[in-house]
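Notes to accompany the following structure.
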Amino acid sequence: MPQFGGGAQCAACQKTVYHAEEIQCNGRSFHKTCFICLTCRKGLDSHTVAAHESEVYCKSCYGKKYGPKGYGYGQGAGALSSDPLDGDRPQEQSRPKPSSGGNTKFSQKFGCSDRCPRCSKAVYAAEKIMGAGKPWHKTCFRCALCGKSLESTTVTDKEGEIYCKVCYAKNFGPKGFGLGNEAMLEERE
């Protein structure tokens, strides 16, 4: 009987992969259902895959297994575990602790010394936005007067506080006739 179609061999199950169900990674073919993390068995796609030689992992497991190790790295790039990976860590005792109030053990362990000026809580790299030379949480990065959410293109600062351009212009901008503020209205009346 003649053989129709055919395809490459799946790197995970060694069965034939037809084009309609084929996913390629590092020159190897996989079934969609076989394209899973070697460690946690989660399904992968082009955004979540991290390959190491002939093995495929999700980015989190790849970071735990092959990412940087040691103090300040959270047991690999993809981990946020508060349990130490190996027994004693002499770096923790020798590292000075931040002196600002309200420190949690978590922020001390992972070396977060940045504090948000609005809420005074720790600001971690994943949520940090810089404005007025200070780190802010994304949720705290709002105009001090009207509360409008700000972006790098809409923020202005004065004396360490951040404002939207409209509030800044009303309160700190030039005043007088022809500048579209209250001074113009007062002169006409």
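Report yes if residue 117 is at pLDDT 85 or above, within 30 Å of residue 69 (Cα to Cα) and either in a strand (DSSP E or B) or open to solvent by 40 Å² or more (accessible area, probe 1.4 Å) (or both), otherwise no.
Answer is no for this residue.
State whether the residues of segment 134-157 include one that is closer than 30 Å to residue 65 by Cα, modelled with pLDDT of 80 or more and in a loop (DSSP other than H, G, I, E, B).
Scanning segment 134-157, I find no residue that is closer than 30 Å to residue 65 by Cα, modelled with pLDDT of 80 or more and in a loop (DSSP other than H, G, I, E, B), so the answer is no.
Wholly within segment 7-72, which strands (runs of 3 or more DSSP E) include no fewer than the required count, namely at least 3 residues that are buried (at least 16 other Cβ atoms within 10 Å of the Cβ) and under 28 Å from the mean Cα position of the chain (by Cα)?
55-58
Is it fair to say residue 43 is over 22 Å from residue 126 (Cβ atoms) and at pLDDT 70 or above?
The answer is yes for residue 43.
The values are calculated or read from the model by the stated rules, or taken from the named source; none is laboratory data. For clarity, every value in this text was computed on a predicted model and none was experimentally measured. Every residue, glycine as well, gets a Cβ built from its backbone with ideal geometry; the counts of neighbours run over all protein chains shown. These area figures cover heavy atoms from the full protein model, side chains too; ligands, DNA and RNA do not enter into them. Shrake-Rupley method; radii C 1.70, N 1.55, O 1.52, S 1.80 Å.
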